[in-house]
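Below: the structure, in structure tokens.
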Amino acid sequence: MSNKMWGGRFSERPDEIMEEINVSIDVDRHLFAQDIAASKAHAAMLASQGIITASDAKNIGKGLDTILSEIGKGDFTFKRALEDIHMNVESRLSELIGPAAGRLHTARSRNDQVATDFRLYVRDVLDETDAALATFQAALVNRALEHAATVMPGFTHLQTAQPVTFGHHLLAYVEMAARDRGRFQDARKRLNESPLGAAALAGTSFPIDRHATAKALGFDRPMANSLDAVSDRDFVLETLSAASICAVHMSRFAEEIVIWTSPLVGLIRLSDKFTTGSSIMPQKRNPDAAELVRAKTGRVIGALNGLLIVMKGLPLAYQKDMQEDKQGAMEGFAALSLAIRAMTGMVRDLVPDEAKMKAAAGEGYATATDLADWLVRTLKMPFREAHHVTGRIVAKAAEGGVALHELPLEDMQAVEPKITKDVLGVLSVESSVKSRTSFGGTAPKNVAAQAKAWAKRLEKERKSG
Ligand code: ARG
């Protein structure tokens, strides 16, 4: 028998391989809730426009509700022979309510159906990702408040550069997450238009009301061009782009956790909850969660690349290639969601070794810039010259194997006679961070104020959310 949904002009069954390559139910079954919501909106609109009867619409609506609960309960048999979620739902509907089910597909096509379903799905992903990032930010802000004055080494080139505070470091990720959320929110605005009613590609001769279905599904408006409506997947690409950038942020943070927990570095410790052991080396505590967050980035970027390549040569309008838009995207979104939740867990879990952080912050002459700044401020030296003088003093300290604040004043004066004992006040790591009061700087006072402002902002958002 040929396919009962489209087999009118076919007399032979499809080849097994044809079925195998054509079927998408294993992936698009995840769109069942969106598919049913869109069908309910469509049926109600068809009735209020007088295209189908009110009683047919009522039966269709009831039947769809039954299917929704069947799928929810796991009582639904998805059939591969029915290809995709749209035909599985419609076929079950006709079992439940008879021929009226066949009226549901009036004035629509699977092309606008799938575009609508996937937009609704991605919109949910965007909302869930935004909420997960808000939770991640709140966790960071809490730890930043706690560690506003905890001194740690700041790095450039992964070399000790200048002392910073741990709270400041954590707040950097709060800012990144805020921009990520902004990108997701932007994507949502552009995504939120309804393709439903574009039909196969050209629109329809039935007097449908696309504004009504758009409104019923929470879209801002119907998409203005039917060809565009069924054939673009830029809303997925844009979401995956934002997701890729976000995943890269998660990955950089994860990499820092891997570095910080290495016994060679030892700046933080993760509890047993976020570490694993080795099956052969009993002493090991591996930061597997952080490593996997780092690796999940590949799935997200891979999904973006994959879909860009699927789309790049497609003429208008719908092409079957586009059926390949969902699997990678869904996997990518799931990977990002897990990465964000794992990072949130590690942020809550991690314990900095404050003594080690402080000692490491002073290593490698990290307060050399403070000495140069002192020369500029107190002796009115041009910065370039101060840089040079400081370099010579650092060389002397290195020769003697001592830290800057341990170098005898006479040794500094041998390089620059105008240096006084006041200089000793700027050479400790605490005074260094305390002095960084410029806007956005690492001073504990700044960090505490920023963390408090963020806590307030997130709390307000949560209440209004
Ligand atoms: N399963 C298809 C997809 O995901 C639905 C649209 C199919 N449309 C068609 N005319 N064959 O893209």
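At-a-glance table
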| quantity | calculated |
| --- | --- |
| Tally of residues being buried (at least 20 other Cβ atoms within 10 Å of the Cβ) and away from the ligand (no atom under 12 Å from the Cβ) across segment 73-87 | 0 |
| Filter result (open to solvent by less than 10 Å² (accessible area, probe 1.4 Å) and within 16 Å of the ligand (Cβ to nearest atom)) within segment 327-338 | ALA329 |
| Counted residues, segment 208-251 - those being open to solvent by less than 50 Å² (accessible area, probe 1.4 Å), closer than 30 Å to ARG294 by Cβ and in a helix (DSSP H, G or I) | 14 |
| Residues of segment 23-67 classified as open to solvent by less than 30 Å² (accessible area, probe 1.4 Å), β-branched (Val, Ile, Thr) and more than 16 Å from the ligand (Cβ to nearest atom), total | 3 |
| Residues that are touching a residue at least 60 places away in the same chain (Cβ under 8 Å) and either of a type in the set (A, V, I, L, M) or within 23 Å of THR204 (Cβ to Cβ) (or both), drawn from segment 1-27 | ASN3, LYS4, MET5, VAL23, ILE25, VAL27 |
| Some residue of segment 184-207 being assigned to a loop (DSSP other than H, G, I, E, B), of a type in the set (D, E, K, R) and either touching a helix residue (DSSP H, G or I) at 6+ places or on another chain (Cβ under 7 Å) or within 13 Å of ALA38 (Cβ to Cβ) (or both) | no |
| For GLN323: the one exception among (1) within 28 Å of GLN113 (Cβ to Cβ); (2) polar (S, T, N, Q); (3) buried (at least 17 other Cβ atoms within 10 Å of the Cβ); (4) more than 16 Å from the ligand (Cβ to nearest atom) | (4) |
| Cβ-Cβ under 7 Å pairs, at least 6 apart or on other chains, segment 298-322 side farther than 19 Å from ASP84 by Cβ, far side in a loop (DSSP other than H, G, I, E, B) | MET311/ARG233 |
| Subset tally (residues that are assigned to a helix (DSSP H, G or I) and open to solvent by 20 Å² or more (accessible area, probe 1.4 Å)) for segment 343-357 | 5 |
| VAL310 vs. criteria open to solvent by 30 Å² or more (accessible area, probe 1.4 Å) and either on the phi > 0 side of the Ramachandran plot or not in a helix (DSSP H, G or I) (or both) | no |
| All positions within segment 415-438 that are within 46 Å of the chain's Cα centre (by Cα) and in a loop (DSSP other than H, G, I, E, B) | LEU427, SER428, ARG436, THR437, SER438 |
| Within segment 93-132, tally of residues that are more than 16 Å from the ligand (Cβ to nearest atom) and either open to solvent by less than 10 Å² (accessible area, probe 1.4 Å) or under 14 Å from ARG29 (Cβ atoms) (or both) | 3 |
| Number of positions in segment 1-17 that are open to solvent by less than 40 Å² (accessible area, probe 1.4 Å) and either in a helix (DSSP H, G or I) or more than 16 Å from the ligand (Cβ to nearest atom) (or both) | 1 |
| Test: residue in segment 407-425 that is under 28 Å from ALA449 (Cβ atoms) and open to solvent by 30 Å² or more (accessible area, probe 1.4 Å) | yes |
| Set GLU90, GLU70, GLU20: member being modelled with pLDDT under 95 and either among the acidic types (Asp, Glu) or crowded, with 19+ Cβ neighbours inside 10 Å (or both) | GLU20 |
| Any pair with Cβ under 7 angstrom, 6 or more apart, that starts in segment 29-51 at a residue that is in contact (Cβ under 8 Å) with a residue 12 or more places away in the chain and ends at one that is of a type in the set (Asp, Glu) | LEU31/ASP117; GLN34/ASP117; ASP35/ASP117; ALA38/ASP117; MET45/ASP209; GLN49/ASP209 |
| Test result for ARG181, in contact with a Lys or Arg (Cβ under 7 Å, 6 or more places away or on another chain) and either away from the ligand (no atom under 16 Å from the Cβ) or more than 24 Å from ALA342 (Cα to Cα) (or both) | no |
| Matching residues in segment 360-414 - criterion: being part of a loop (DSSP other than H, G, I, E, B) and either in contact with a helix residue (DSSP H, G or I) (Cβ under 8 Å, 6 or more places away or on another chain) or among the charged types (D, E, K, R) (or both) | GLU363, TYR365, ALA366, THR367, LYS380, MET381, PRO382, ALA403, LEU407 |
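The values are calculated or read from the model by the stated rules, or taken from the named source; none is laboratory data. The structure presented is a predicted model; accordingly, all values stated were derived computationally and were not measured. When we count neighbours, we look across all protein chains shown, and the Cβ atoms used for this are built from the backbone with ideal geometry, even at glycine. With ligands, DNA and RNA removed, areas are computed over all heavy atoms of the protein, side chains included. Shrake-Rupley method; radii C 1.70, N 1.55, O 1.52, S 1.80 Å.
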